[in-house]
1. Taking Ala239, is it in contact with a Leu (Cβ under 7 Å, 6 or more places away or on another chain) and at pLDDT 85 or above?
2. Which of the residues that make up segment 54-66 are closer than 27 Å to Thr97 by Cβ and assigned to a loop (DSSP other than H, G, I, E, B)?
3. Of all residues in segment 204-224, which are polar (S, T, N, Q) and in contact (Cβ under 8 Å) with a residue 60 or more places away in the chain?
4. Only residues that are in a helix (DSSP H, G or I), surrounded by fewer than 22 Cβ atoms within 10 Å (Cβ to Cβ) and within 19 Å of the chain's Cα centre (by Cα): list them for segment 173-189, please.
5. Does segment 127-142 contain any residue that is surrounded by 15 or more Cβ atoms within 10 Å (Cβ to Cβ), at pLDDT 80 or above, assigned to a helix (DSSP H, G or I) and not hydroxyl-bearing (Ser, Thr, Tyr)?
6. So if I check each of Ser69, Ser9, Ser30, which one is touching a Phe, Trp or Tyr at 6+ places or on another chain (Cβ under 6 Å), within 17 Å of Ser248 (Cβ to Cβ), part of a helix (DSSP H, G or I) and of a type in the set (Ser, Thr, Tyr)?
7. State whether the residues of segment 227-237 include one that is within 21 Å of the chain's Cα centre (by Cα), surrounded by 14 or more Cβ atoms within 10 Å (Cβ to Cβ) and within 23 Å of Val122 (Cβ to Cβ).
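The values are calculated or read from the model by the stated rules, or taken from the named source; none is laboratory data. Just so it is clear, the model here is predicted, and its values are computed rather than measured. As a convention, Cβ positions derive from the backbone with ideal geometry for all residues, glycine included, and neighbour counts pool all protein chains shown.
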Amino acid sequence: MPAFFALISALSFGASDYVGGKLSRTQDASKVTATSQILAFLVYIMLALVVPGKFMWVALFFGFLSGISSAIGLNFFYAALAQGVVGVVAPVTALLTASIPAVWSIFIKGEKVTPLFLAGAVLAAGAIAVLALPSRKGKTIEEEYEQIEENIVHMTTRAWLLTLSGGIVLSFSLIGLSQTSSSSGCWPLIGVGLAAVLCSAIFAYLKTGQIFLSQDHRSPIIFMVICMALAYVAQLYAARSGALAVASVIGALYPIPTIILARVFDHEKMSANQTIGAFCALISIALIALS
């Protein structure tokens, strides 16, 4: 079940990112984020009231901690993208986000892992790294390695600090959810949603003087909100399933559905790296699920 919930979370986050990315091409990204987070918060309230669960202040606290970690971590991540090289920032952040909760679960919580899980985790890490590599476009392997080395050299100390900070802080989002009790139902999502709404609404207002998108974009926003709510619910249940290592590794593969959706609906050509990364990701999911 942890692998199933984590996979649903990754697929839903990927679909939400795809729609949000397309919408942000014509609309201000901060308003897209704020509108979707506010509407998703309303969904979390309904889920908390409908899904059986006991109201607990500690659940709201850890949910809020998770939401704040996600908001702050994303700010670090975006700042790192502006300061550094995408091909370095993206995979390092993703690997930290996947590995720190797994290490926490294994060495702090004592979660046992199997050789199949380790093989799947290594393959998933490789998939994340390969996805971030630039398209080869006729380059030899030697030229590609030289490009990677050049990208690393061009990373400033500030960019490295922002990248590492982003990955570390983002990882506590999943750890925070894992500290909530299963008897609290969906109440932790109230904390998550409250943190997300506060951060996104304030940022959107300071940037544009507005918070909401116009109703002309109702359909994509509704789809985005449904995907986002499903993603967070699945992530919550995956995080506190007792297999945080599984949840963190599979959950980090969310870029895969975004790439596939862009290929299907926008006819974007998948590079060789993306194809290899997607293939490795599918194998890693199978190995982890079997473990």
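1. On the way: in contact with a Leu (Cβ under 7 Å, 6 or more places away or on another chain): yes; at pLDDT 85 or above: yes.
Yes; evaluated as a whole, the condition is true for this residue.
2. Of all residues in segment 54-66, those closer than 27 Å to Thr97 by Cβ come to 56, 58-66.
The one that is closer than 27 Å to Thr97 by Cβ and assigned to a loop (DSSP other than H, G, I, E, B): Met56.
3. Thr208, Gln210, listed by residue number.
4. Selection gives Ile175 alone.
5. Narrowing segment 127-142 to residues surrounded by 15 or more Cβ atoms within 10 Å (Cβ to Cβ): 127-134.
Checking the rest, the ones that are also at pLDDT 80 or above come to 127.
Keeping just the survivors that are assigned to a helix (DSSP H, G or I) gives 127.
Next cut, not hydroxyl-bearing (Ser, Thr, Tyr) only: 127.
Scanning segment 127-142, I find at least one residue that is surrounded by 15 or more Cβ atoms within 10 Å (Cβ to Cβ), at pLDDT 80 or above, assigned to a helix (DSSP H, G or I) and not hydroxyl-bearing (Ser, Thr, Tyr), so the answer is yes.
6. Working: Ser9 fails: touching a Phe, Trp or Tyr at 6+ places or on another chain (Cβ under 6 Å); Ser30 fails: within 17 Å of Ser248 (Cβ to Cβ).
Exactly one of Ser69, Ser9, Ser30 is touching a Phe, Trp or Tyr at 6+ places or on another chain (Cβ under 6 Å), within 17 Å of Ser248 (Cβ to Cβ), part of a helix (DSSP H, G or I) and of a type in the set (Ser, Thr, Tyr), namely Ser69.
7. Just the residues of segment 227-237 that are within 21 Å of the chain's Cα centre (by Cα), to begin with: 227-237.
This time we only want the ones that are surrounded by 14 or more Cβ atoms within 10 Å (Cβ to Cβ), so: 227-237.
From what is left, the residues that are within 23 Å of Val122 (Cβ to Cβ) are 235.
Yes, because at least one residue in segment 227-237 is within 21 Å of the chain's Cα centre (by Cα), surrounded by 14 or more Cβ atoms within 10 Å (Cβ to Cβ) and within 23 Å of Val122 (Cβ to Cβ).
Residue by residue, here is whether (1) surrounded by fewer than 20 Cβ atoms within 10 Å (Cβ to Cβ); (2) within 30 Å of Leu287 (Cβ to Cβ); (3) modelled with pLDDT of 80 or more holds:
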position	(1), (2), (3)
Ala3	no, yes, yes
Ala29	yes, no, yes
Ser36	no, no, yes
Trp57	yes, no, yes
Ala82	yes, no, no
